[in-house]
1. Please state which one of A:Leu41, A:Leu21 is of a type in the set (A, V, I, L, M), surrounded by 15 or more Cβ atoms within 10 Å (Cβ to Cβ) and within 16 Å of the ligand (Cβ to nearest atom).
2. Select from segment B:282-328 the residues that are open to solvent by 10 Å² or more (accessible area, probe 1.4 Å), outside any helix (DSSP H, G or I) and farther than 15 Å from B:Val272 by Cα and list them in ascending order.
3. What number goes with the only condition from (1) part of a loop (DSSP other than H, G, I, E, B); (2) closer than 21 Å to B:Ala143 by Cα; (3) among the charged types (D, E, K, R) that A:Glu46 does not pass?
4. Assess whether A:Tyr72 counts as being in a loop (DSSP other than H, G, I, E, B) and at the interface with chain B (Cβ under 9 Å from one of its Cβ atoms).
5. Of everything in segment B:107-162 that's free of Cβ contacts under 8 Å to residues at least 60 places away in the same chain, assigned to a loop (DSSP other than H, G, I, E, B) and of a type in the set (Gly, Ala, Ser), which residue is farthest from the other protein chains (Cβ to nearest Cβ)?
6. What is the one condition in (1) touching a residue at least 40 places away in the same chain (Cβ under 8 Å); (2) outside any strand (DSSP E or B); (3) not polar (S, T, N, Q) that B:Glu223 does not satisfy?
7. Filter segment B:222-236 for residues that are crowded, with 17+ Cβ neighbours inside 10 Å and modelled with pLDDT under 95; which is farthest from the other protein chains (Cβ to nearest Cβ)?
Amino acid sequence: MTNPVPLREGLFRETAAGPTLLASCCTACGHTSYPPAPRCLDCGREAQEPVELGSDGELLCATVVHMGNHRYPPGYTVGYVTMPHGVRVFAQLAISAGEDLPAPGTPMTLEIVPMWREQEQDVLAYRFVPAPGKESAHA
Amino acid sequence: MREVFVLGVGQSDFGKMPERSIADLGGQAARAAIADAGINSAQIQAVFSSRVYDAMITSQTIMKDLGVTRVEMVNVENACAGGSTAIRSLYKDIAAGFVDLGIAIGVESMTTSPIAGKLIPPDRDDLDGQLGLSMPVLFALQAQRLMATHGATPEDFAQVSVKAHDFGALNPRAQYQKRFTVEEVLASRMIADPITLLQCCPNTDGAAAVVMASADVAKKYAEAPVRVAGSALISGDYDFRRSDITTLELGARAAALAYEQAGVAPSDVDVVELHDAFASEEIVHYEDLGLCARGDGVGLLRSGATSLGGRIPVNPSGGLLSLGHPLAASGVRVICDITDQLRGRSGASQVPGAKVGLAQMLGGVATGLDAAAGSVHILTV
Ligand SMILES: [Zn+2]
């Protein structure tokens, strides 16, 4: 067995408190960039410090994709999730076929899972799972 | 800056024609535009062509069969806005005085492209694309948001498609030329909720071409040539800068620039051709183009103002939904259709007395941007 590889370096990691997305925060203007940026996408300054967005977000909207592609079979669910610092993230949602789409505003939590296989290796990426009982950090 | 005029327009057949080459499709459109302009192809001083898939020396490939050699030829790519980019590039060269007469061409063979029959993806290495984003998914998520924020319903989105096909049934060049009911649109196969198959533009091969000229040249060939009164092309901005995904702000910015240059207000526009690759996005464009107040896009659609005989008909050609969408051709094709409208040559879908027309096209998606390229041209007679 070979180790799974992340989709790309520096996007996410597992921590003692659970999985987190990795972003950058501008020390000059406070803008948060995800994926992390080498210089601020808003004001252009270079002084950026790493921040963890954590794993809690809130669903903005979702859809079921009924046509597959070379990676994903038909019937996968995707959406935009609003994370802390107002960061809007596109990701797949862990919803089983036939289950209703979660409503906008539903608290979501991040998980890091193998998304597809490439050259005999699992490729790790992130997706969100509805967590209706959970208080959204964003709200 | 000099004034620039549209002297002639031409389109190829639109449809699924995998046996027809780029030179064949592009040549058909270019010949038609040259004939319409009443010029000789040897007078052409510059050629700008656009193609998204398998693109290489598109201008030369087409023009070598038309006797045009030894002139400046440029080939551009800007996703669905590539054709608009070719138009804009030629416009700038004529306005600046580099050339007096040229042709812009958009051509695409979707049925022989690597994405034939697939959902159009972003660039291979795009993060959101790797996570499952494609064009219909992007617009399905926007449609979901329109339902939450604008009170839009699946029936509203279907109505955009019904309207497009009502128009397309009147256009002999349309790929579909068939009308559908709201029920039929809703009952077609689901692609990405709430977008059904009949709310997606079809895979289409085709080409369009426009001959443009300076005032001195134009007045020799036409009594009242159509003037390019406003021309704008702008790249997308960061997604974090827009308040919500129910606007494509690059479209609004391109429109503002074109309105300002042309000295017209949205209320002056008589007819519009725009990017309706997916039915629901048309409602967003109404607002971004200022055809109605922000938030009133659904109301404008329901009022019938954008239908045949309405105050501001949108996509009387049938749009991408009915006419078809050969990606890079569409930005040129909308200039052809607006020109025909302003010349009173649009037959059954003619907007009576149209004097001011707007041609919009958007293209491309990349993680972190609202979209990649937005273009608006305003034509007047
Ligand atoms: Zn900053």
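The values are calculated or read from the model by the stated rules, or taken from the named source; none is laboratory data. Since the model is a prediction, treat every value here as computed from it, not as a measurement. Virtual Cβ from ideal backbone geometry, glycine too; neighbours counted across all protein chains shown. For accessibility, only protein heavy atoms count, side chains too; no ligands or nucleic acids. Shrake-Rupley method; radii C 1.70, N 1.55, O 1.52, S 1.80 Å.
1. A:Leu41
2. Passing the criteria: B:Ala293, B:Arg294, B:Gly295, B:Asp296.
3. (2)
4. In short, yes.
5. B:Ser134
6. Failed condition: (1).
7. Among them, the one singled out is B:Ala222.
Results for (1) at the interface with chain B (Cβ under 10 Å from one of its Cβ atoms); (2) closer than 21 Å to A:Leu7 by Cα; (3) open to solvent by 20 Å² or more (accessible area, probe 1.4 Å); (4) acidic (Asp, Glu), shown as yes or no for each residue.
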site	(1), (2), (3), (4)
A:Glu46	no, no, yes, yes
A:Val51	no, yes, yes, no
A:Met67	yes, no, yes, no
A:Met83	no, yes, no, no
